[in-house]
Ligand code: ATP
Ligand code: MG
């Protein structure tokens, strides 16, 4: 960024070195892994790949034709084989998936069980005419049938496209048509806050306009509660088809570069992008990052709370953990059903050791207060993770204190749907943590912060985060839109991948993610990242969450407007507005003083829980709202729009 940047004014001096007991047993304890990988990145990834099963070893680790990478060229493998068959000798009766439904029902699948179910469903798909290369759409709740179907697709080489179960019929139809999927796997319904989400009804509506779909397989999840229309010839019950299917299905020998899946980004900054991931590199990248970032051990009980409809669920509920032979927990419902302690009840019940969640969830827990986690025994936890947005230092410390009992390292992991795998992250046995910093690029990853001209910036100068060399799980393109792939990622700065995120690096080389470059505010020639102002607000004891945007100002160019959610027990009195403005001035400086503060019970978020600042900007500028297809709750925006107009008019 060319203008002067606010320099690390939000002082964050707290340091958390790896606890000694943790460090001694960690998977990675030696910082030399960074130098080793740096010296020979390809050799580094090849060593990781050698832990996995290949029908045929690769001839070449990387073939790089900017911007197209091929990894493990010539290698033949199968990801479902690596997640299942590979473990049968040593882990046959080990729990692979521990699942809890929202109503409290449970299912445990051992590796043997999962292998059998996947084999069966792979045969079901074949019997419905799905062949290698055909696409399959999955529109399911968070139930075991979802990973079973994904692994079955991987087994027969049919790329899947998972559509989050909260999406509408229209969004589902677009995604099916984009992928030209042959089969849709769905359910009669799913549970959400005690209500039934009518998945089959949505699917029926979607399938009125999806000429490629030949069959729909329907899981019976909610039974009588959901009246299901049935189209004979097209619709098949999951349980009926499974009962007739043989268990054995030999895995296809897939080429490293065969398409594994397509998946859409969250739509935080605009229309979602259909990202393509292939087999070999994605497998190696998710395998190694899971093992190292989460310090995964044989006896861990690992729980990632994301929905499998997002990349986090693909890489870190399904493929990464299972490739490691881990026990992975899945939960169907919301954190507040039947009460606000549901997550902590699950941690206690299964003795969860590793918990991976998102800042949006952590800020919600802060808003509800510590009494909910305090009701439960969380002593099994040994490592915490976060992903999805920059985590404000106060939220980090709250998580560390109230969930981690002060003893668990917190890994703040930066990555994207496009990157497929975690790229900037601590290694918990090596890295001294700073709350709010994702710390360093994973070994072998090249990341840089550059200015407008693409030149590296100095310490604490904000800039654009770019990736300077290919990595194994990188996207191979945008489905059906090669132009957009070039345009979006490779045209802003020549030769490097543009992430769209702003960041700075401090004097110790730690990376701080500052939010989307589209969200950067320019006040009287000073560039201000939304993250720092939001973090200053969240630092105030009454504030749970804040979203900050720039609004047009005749004098300063832009002024700061803040939308603030208070913690329970605090009221939005007039003095609070002044107090918060002063707090920001104290933490950052007069330059960052918000011009307007609007209190709100909720912020507009994507269905994956990210704050959609662009919609707040649309509201503030009185514009028509942009793409809202991935918005979680349209009512929130409507209420805010009315309130904003009232306040502005007053
Ligand atoms: P779209 O690309 O459609 O606008 P999106 O970028 O939100 O949506 P995702 O791929 O789900 O889609 O999210 C990746 C983005 O999430 C990153 O580019 C970054 O902005 C943010 N992010 C993820 N993890 C972190 C983190 N640990 N710290 C800061 N930001 C993060
Ligand atoms: Mg993005």
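Tabulated data
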read-out	value
Computed [θ] at 222 nm, helices only, for the chain once each DSSP H run of length n ≥ 4 contributes -39500 (n - 2.57)	-8000 deg cm²/dmol
Percent RCO, i.e. relative contact order, over segment 527-592, from Cα pairs under 8 Å lying at least 6 residues apart	32 percent
Footprinting exposure proxy for 292, 71, 414, 99 (fewest neighbouring C-beta atoms within 10 Å first)	99, 292, 414, 71
Cα-based helix-to-principal-axis angle, 280-293 vs the chain, degrees rounded to 10	60 degrees
Sequence-separation-based contact order of the chain, relative, with Cα cut under 8 Å and 6+ spacing, percent	14 percent
Along each principal axis, Cα extent of the chain, largest first, Å	70, 58, 52
Estimated inter-spin distance, residue 112 and residue 345, nm [label 7 Å along Cα→Cβ]	3.2 nm
Label-to-label distance, nm, for residues given as residue 487 and residue 56 (7 Å Cα→Cβ offset)	3.8 nm
Highest average packing first - 227-233, 160-166, 128-134, 173-179, Cβ atoms within 10 Å	160-166, 173-179, 128-134, 227-233
Length added when fully stretched, residue 590-residue 371, from 0.36 nm per residue minus Cα-Cα	75.2 nm
Between helix 359-368 and the chain: long-axis angle, C-alpha atoms, 0 to 90°, nearest 10	70 degrees
For segment 601-650: rounded, prolate or oblate by the Cα gyration tensor [a/c cutoff 1.5]	prolate
Shape call, segment 134-189: gyration tensor on alpha carbons, a/c limit 1.5	oblate
Length-normalised contact order of segment 140-289 in % [C-alpha pairs under 8 Å, at least 6 apart]	22 percent
Label point distance in nm, residue 64-residue 195, each placed 7 Å from Cα along Cα→Cβ	5.0 nm
Folded to 0 to 90 degrees: helix 169-179 orientation relative to the chain principal axis, Cα	60 degrees
Distance-filtered residues of segment 600-630 - backbone nitrogen under 13 Å, label point 7 angstrom along residue 646 Cα→Cβ	600-601
Gyration tensor verdict on segment 1-147 (Cα atoms; rounded if a/c is under 1.5, prolate if a/b is larger than b/c, oblate otherwise)	prolate
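Rule-based calculations on the coordinates, nothing more; no lab input. Since the model is a prediction, treat every value here as computed from it, not as a measurement. Glycine gets a Cβ as well: all are built from the backbone with ideal geometry, and neighbour counts include every protein chain shown.
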